[in-house]
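The structure appears below as structure tokens.
The values are calculated or read from the model by the stated rules, or taken from the named source; none is laboratory data. Just so you know, these numbers come straight off a predicted model, no measurement behind them. Glycine also receives a Cβ, built like all others from the backbone with ideal geometry; neighbour counts cover every protein chain displayed. Remember, those area values only see protein heavy atoms, side chains included, never the ligands or the DNA or RNA. Shrake-Rupley method; radii C 1.70, N 1.55, O 1.52, S 1.80 Å.
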Amino acid sequence: MSRNSLDSQPLGFFEYGFQGNHFEDYQNHFYQVDVWSQALLPHQDNRFHPSHQVYDDKQFLQSEIYCDFARPRGIRHSIGCLIHHENQLITELGFMRSQGQSHYSNEHICASNHYVPHIEQAMNMAERRQSLLAKCDQMTAVFDAHSSPSFLCSAKGVIHYQNPGGVEFLQHSGLFRGLEGQLWFRNTEHQLTYNRLLHEAVAFVDGKRPVTPKRSLLSYSGGAVWLIVKPWTWSSTGVWGLQENCGVVVSFEPCVSSTQPQPGWIVQLFGLTLAEAEICSGLCIGHTVDAIAKERAVSVTTVRQQIKSCLRKTGSSTQGQMIAKILLQLTH
């Protein structure tokens, strides 16, 4: 059994060799009359002691714990050990014999004591694991509460965890291809941008880069978002001991401004014609080339020619890069 003190109710019984959870059924009362555990307290910790040596045997036969709990199950003799933990928890180990058997011999007790260090090690490992799981749960709760779609990834981009917003964004934004386990962008330029930021973040952790990487603006049919890749490290225990692992936190945040770039402002900033600026304005809010051509009552070929002129005047190699430049100026 485990408890916070010998005067407190056990946190739980762990039984082997009994049917029907014999002790578990009586734990609300068991600890109050447990003279056996009380008698163990003055004796050496982390060592097994026989019942007939720590408590008067004749008095034990008259005790409530024997009459109500031990005798109905045929229990007569036992050896017990108290293990005190750093967190004040007390664990009691007990082995029990039936009425027809003799007291535990010194040889049995000596053999049992050889297992105590191994039992302690197993329990300490379980406590550390429980503590780590609690910390992991706390980190997960903080991460899940983050409003922006976010992902914890390895140095190679493998997704270890994603918050609820990340799951939704990955499935419905239209930015990604349908591949599980990693962030694979539909747009090649977006993928190259992500790969660069991932490399820079990992290089920063390795000490090969003096500053953390900056964010990049991604424009797509659903609008525009900031792609932010930050370094992330975590510890794990392997065959070689404690190891530090490198990874990244990837998040997608909306642009500060959701205002559509005004054509007149684009004209002044980049020297475009008004028609060209109107086309750029439409592209920035996700309109397709076909939709722009239909709205302006011109052919798709005409719109494409005007976009080529816009690319040249804005110094952009792709349509996505041009939109990002315009939106970047808008957010500033």
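Quick notes on this structure:
- Computed extension gain for Ser309 through Glu253, at 0.36 nm per residue and net of the alpha carbon distance, reaches 17.1 nm.
- Projecting label points 7 angstrom from Cα along Cα→Cβ for Cys136 and Ala297 puts them 6.5 nm apart.
- Among the listed values (1) 146; (2) 179; (3) 207, the one computed from these coordinates for volume of the Cα convex hull per residue in Å³ is (3).
- Counted charge near Leu311, where neighbours are those whose Cβ lies closer than 14 Å (Asp, Glu -1; Lys, Arg +1): +3
- Solvent-accessible surface ranking, highest first, for His114, His77, His29 at 1.4 angstrom: His114, His29, His77
- A 1.4 Å probe, protein heavy atoms only, puts the accessible area of Asp137 near 100 Å².
- Computed FRET value (nearest 0.05) for Asp7 with Arg73, which takes r as the C-beta separation and R₀ as 25 Å: 0.50
- Here the accessible area is traced with a 1.4 Å probe on the protein chains. For segment 99-224, carbon and sulfur cover 55 percent of it.
- The chain: angle of helix 116-145 to the longest principal axis, Cα-based, in degrees nearest 10: 30
- Segment 126-191-segment 260-332 distance, computed between alpha-carbon centres (Å): 34
- Model label sites at Ile119 and Leu328, defined 7 Å from Cα along the beta-carbon direction, differ in position by 6.7 nm.
- Karplus-based coupling profile of segment 189-204, in residue order and whole Hz: 5, 4, 5, 5, 4, 5, 4, 5, 5, 4, 4, 5, 5, 5, 5, 5, with θ = phi - 60° in 6.51 cos²θ - 1.76 cosθ + 1.60 and x standing for Gly or Pro.
- Accessible surface for the chain, divided over its residues, is 59 Å² per residue with a 1.4 Å probe.
- Distant-in-sequence amide H partners of His160 (H built 1.01 Å from N, under 5 Å): Leu152, Cys153, Ser154
- Converting phi to 3J(HN,Hα) with the Karplus coefficients 6.51, -1.76 and 1.60 and the offset θ = phi - 60°, segment 58-65 yields 5, 5, 4, 5, 9, 7, 5, 5 Hz in sequence order, with x at every glycine or proline.
- Here each label is just a point 7 Å from Cα along the line to Cβ, and for Trp234 and Leu274 those points are 5.7 nm apart.
- Computed FRET value (nearest 0.05) for Arg177 with Glu127, which takes r as the C-beta separation and R₀ as 45 Å: 0.55
- Result for the chain in a Gaussian network model with C-alpha springs under 10 Å: among Trp184, Trp226, Trp36, the largest mean-square fluctuation is at Trp36.
- Filter on Lys294/Lys325; Lys135/Lys214; Lys230/Lys325; Lys214/Lys313 - keep pairs with C-alpha separation over 31 Å: none
- Qualifying GluC sites (Glu not before Pro) in segment 29-116, where qualification requires a DSSP coil assignment and no more than 14 other C-beta atoms within 10 Å, comprise Glu86.
- Each residue of segment 100-109 was assigned a 3J(HN,Hα) from its phi angle through the Karplus expression (A = 6.51, B = -1.76, C = 1.60, θ = phi - 60°), giving x, 9, 7, 4, 5, 7, 4, 5, 5, 5 Hz with x at Gly and Pro.
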